[in-house]
1. Please pick out the residue among Asp50, Asp64 that is among the charged types (D, E, K, R), touching a Ser or Thr at 6+ places or on another chain (Cβ under 6 Å) and more than 21 Å from Pro13 (Cβ to Cβ).
2. What is the number of the single condition among (1) without any contact (Cβ under 8 Å) to a residue 60 or more places away in the chain; (2) in contact with a strand residue (DSSP E or B) (Cβ under 8 Å, 6 or more places away or on another chain); (3) closer than 18 Å to Arg86 by Cα that Ala2 does not meet?
3. Return only the number of the condition from (1) assigned to a loop (DSSP other than H, G, I, E, B); (2) at pLDDT 90 or above; (3) not polar (S, T, N, Q) that Ala71 does not satisfy.
4. Restricting the search to the stretch 27-44, which residues are surrounded by 13 or more Cβ atoms within 10 Å (Cβ to Cβ), over 16 Å from Glu94 (Cα atoms), more than 11 Å from the chain's Cα centre (by Cα) and not basic (Lys, Arg)?
5. I need the full set of residues from the stretch 29-68 which are aliphatic (A, V, I, L, M) and either in contact with a helix residue (DSSP H, G or I) (Cβ under 8 Å, 6 or more places away or on another chain) or modelled with pLDDT of 85 or more (or both), in order please.
6. Residue under question is His24, and the condition is that it be more than 11 Å from the chain's Cα centre (by Cα), surrounded by 13 or more Cβ atoms within 10 Å (Cβ to Cβ) and in contact (Cβ under 8 Å) with a residue 12 or more places away in the chain; does it hold?
7. Just name the residue that is surrounded by the most Cβ atoms within 10 Å (Cβ to Cβ) out of those in the stretch 45-61 that are within 17 Å of Ile77 (Cα to Cα) and among the charged types (D, E, K, R).
8. Quick one: how many residues across the stretch 5-21 are among the aliphatic types (A, V, I, L, M), more than 20 Å from Thr80 (Cβ to Cβ) and surrounded by 11 or more Cβ atoms within 10 Å (Cβ to Cβ)?
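The values are calculated or read from the model by the stated rules, or taken from the named source; none is laboratory data. Since the structure is predicted, the reported quantities are computational estimates derived from the model, not experimental observations. As a convention, Cβ positions derive from the backbone with ideal geometry for all residues, glycine included, and neighbour counts pool all protein chains shown.
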Amino acid sequence: MAGRFQIKCINKPNRDSELEHITHVGGYGQSHWKLPVETVIDRIESRGSDHEDFYVKVGNAESDVVVVRPAGRRAHIRTTPDSTRRDNLLSLPECP
């Protein structure tokens with residue numbers, strides 16, 4: 001299922017920890033959805049018809065979600081840099 005999806009919430013094991021990565025992201029609108037970050041990474045990196053894009057909207061601005069693969073550490077997601085220094089994903093509320 002190709003498409004572009006707005007992430008509206010996140011889950012982290014410890015919300016206040018800057019060391020722990022986001023484990024799940026979700027969205028809502030016509031339907032609610034929640035996915036493990038590993039699934040989001042697979043869908044972003046897919047080259048086929050199942051490629052999907054994800055973004056975060058803050059005010060009127062959209063920031064794309066990208067995959068980051070630091071050397072020696074597991075892959076994670078973050079937003080592209082914008083006018084704030086903080087990853088926009090971290091400003092989202094907790095997913096139910």
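1. Numbers: Asp50 fails: touching a Ser or Thr at 6+ places or on another chain (Cβ under 6 Å).
Going through Asp50, Asp64 in turn, just one is among the charged types (D, E, K, R), touching a Ser or Thr at 6+ places or on another chain (Cβ under 6 Å) and more than 21 Å from Pro13 (Cβ to Cβ): Asp64.
2. (3)
3. (2)
4. Asp42
5. Going through the stretch 29-68, the residues aliphatic (A, V, I, L, M) turn out to be 35, 37, 40-41, 44, 56, 58, 61, 65-68.
Once the filter is applied, which keeps residues that are aliphatic (A, V, I, L, M) and either in contact with a helix residue (DSSP H, G or I) (Cβ under 8 Å, 6 or more places away or on another chain) or modelled with pLDDT of 85 or more (or both), the stretch 29-68 yields Leu35, Val37, Val40, Ile41, Ile44, Val56, Val58, Val65, Val66, Val67, Val68.
6. Numbers: more than 11 Å from the chain's Cα centre (by Cα): no; surrounded by 13 or more Cβ atoms within 10 Å (Cβ to Cβ): yes; in contact (Cβ under 8 Å) with a residue 12 or more places away in the chain: yes.
Criteria not met by His24.
7. Glu52
8. Step one: list which residues in the stretch 5-21 are among the aliphatic types (A, V, I, L, M), which gives 7, 10, 19.
With the extra rule that they be more than 20 Å from Thr80 (Cβ to Cβ), the set shrinks to 19.
The next check asks that each one be surrounded by 11 or more Cβ atoms within 10 Å (Cβ to Cβ); those that pass are none.
Selection size over the stretch 5-21: 0.
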